[in-house]
1. How many angstrom lie between the C-alpha centres of the range 191-231 and the range 401-420?
2. Roughly what would the spin-label model give for PHE406 and SER260, points 7 Å off Cα along C-beta, in nm?
3. If you stretched the chain out fully between ARG326 and THR422, how much longer would it get, using 0.36 nm times the residue separation minus the C-alpha to C-alpha distance?
4. When N counts the residues of the range 279-335, how does its alpha-carbon radius of gyration compare numerically with 2.2 N^0.38 Å, as a ratio?
5. If the chain between ASP359 and HIS153 were fully stretched, how many nm would it gain, using 0.36 nm times the residue separation less the Cα-Cα distance?
6. For the range 157-228, what value does the Rg/Rh ratio take when both radii are computed over Cα atoms and Rh is the Kirkwood radius, given to two decimals?
7. Alpha carbon centre of the range 253-290 versus the range 317-339: separation in Å?
8. So what are the three principal axis dimensions of the range 295-366 from its Cα atoms, in whole Å, longest to shortest?
Amino acid sequence: MMDILLMEPSSTNKRRRIADKLRGHDHTPFLSLADIKARLKNIRRVSTEHLNSHGQTLLTNLNKHTDVKVMFANSAVQAAAEIKRINEGRQIAINKSAVIANEIVPELVKYNLNIIETYYDEFKPFDNQLDEHLRLPNLDIESVLNAFQIASHPDISRKECVAKNGSKDFTGLIGIAAISASDGNVSLFQHMGNTGTVYEQAQKIILVAGLDKIVWDKDDAVFQTKCMAAFGWKGLPRPKNLYYKPNAGISIRNMPYEISPEDTEQEVHLILLDNGRTKIQKSEYKDLLTCIGCRACTINCPVSTFFHSSGKWNPKEYLYHYVQGRNPSTDLCLQCKTCRMNCPLDIDIPGLILNARADAMKNGKLPLMHSLLSNFENIAKWSSKTPFLANTLSKNALVRNLGETFTGVSSKRKMPEFQNLTFKKWFENRKNKEGHYNR
């Protein structure tokens, strides 16, 4: 059987260490922040360099598991088509995974499938528990890292739940935090209880792992998952950002157990997703694949909520989707560099964004707004020949709104007034007969 590990915050390990210290038996080696980052960087370096070989090893090992059906998807479109086939028209409950939310769900929506974002069901309106948690003083990274422990094996809990109650009429679609190539161990984590609930109660289970989530062994998978949780907890959305529910009133917790144990699918479907990752590995943007998805880059980013209409893209995803052709530009980045300062892997996202802008300029792919503003001298030259027409059009509300729509230049921007007498002509007119300028 495939071993599924579910990690979540726990105080057990913390209490045990305090008790050991009080008894004078604390021999647990201390991991500094530098040690943690060094090990994580090594795991991610090996994973990125061996993207294809780790994937082949994983496929070989997964074929030994009789309870898993594995599929390789070259694209999110192909993955969504397979999910639609497996799902058979049911509602789909997802966990809080960037791969699921930002790559798979946009394709599933095209099939008019009903998506339930279970993470938001954990919060009641005006629930301030998380907000109080975020106001706690800073904790050292070792304490936070050790707080996330293996809480359960949801594959075992699922078998017990199905045998007792059956299942509910929805498909669970879960993004994986890490999966080990050497033995096929899957590592998940949750801040709330939604991932475990989805896994236990769904009629069918579909797991999705990007190729960049494949590490070598179980220890690496567990450590990467703990780092993902520990470095990213400050980037959790505050309650004021959780009031929006795409499916208000729909909660898997309120669904009845209406599928019998005999009709509940026992096998797990696993989709290994490429979706441009092997192409990025061979490009100048390969460092993006070292990202563990902790969302630490979102912390203090002043514009991340504007990166996408869903508000779910972080700075890394903003660039990642641009490189893959799903984001038209990188203009919203302010180059404040807070994302790099907060990244545990020191990924130079601002530098890569500058490279992307330079490549766009070299290839003539500048947005229309940049082309217009960088060639404003030519616009002014022709506008000064017909200043009345140019000024009339620049002040017209309809023209300004159309300009904002098609070029990105704000309709509120104050435009200069053009005149037939240019500054150059005015300056030349001040010359006297001797060729000197009058004061």
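We did not get these values from a lab; they are worked out from the coordinates using the rules stated. Fair warning: this is a prediction, and the values are worked out from it, not measured in the lab. Every residue, glycine among them, receives a Cβ derived from its backbone with ideal geometry; neighbour counts consider all protein chains shown.
1. Centre-to-centre (Cα) distance: 49 Å.
2. Taking the simple label geometry, PHE406 and SER260 are separated by 6.4 nm.
3. Gain in length upon complete extension: 30.2 nm.
4. 1.10
5. Computed gain between ASP359 and HIS153 is 69.5 nm.
6. 1.02
7. About 24 Å separates the Cα centre of the range 253-290 from the one of the range 317-339.
8. 33, 26, 19
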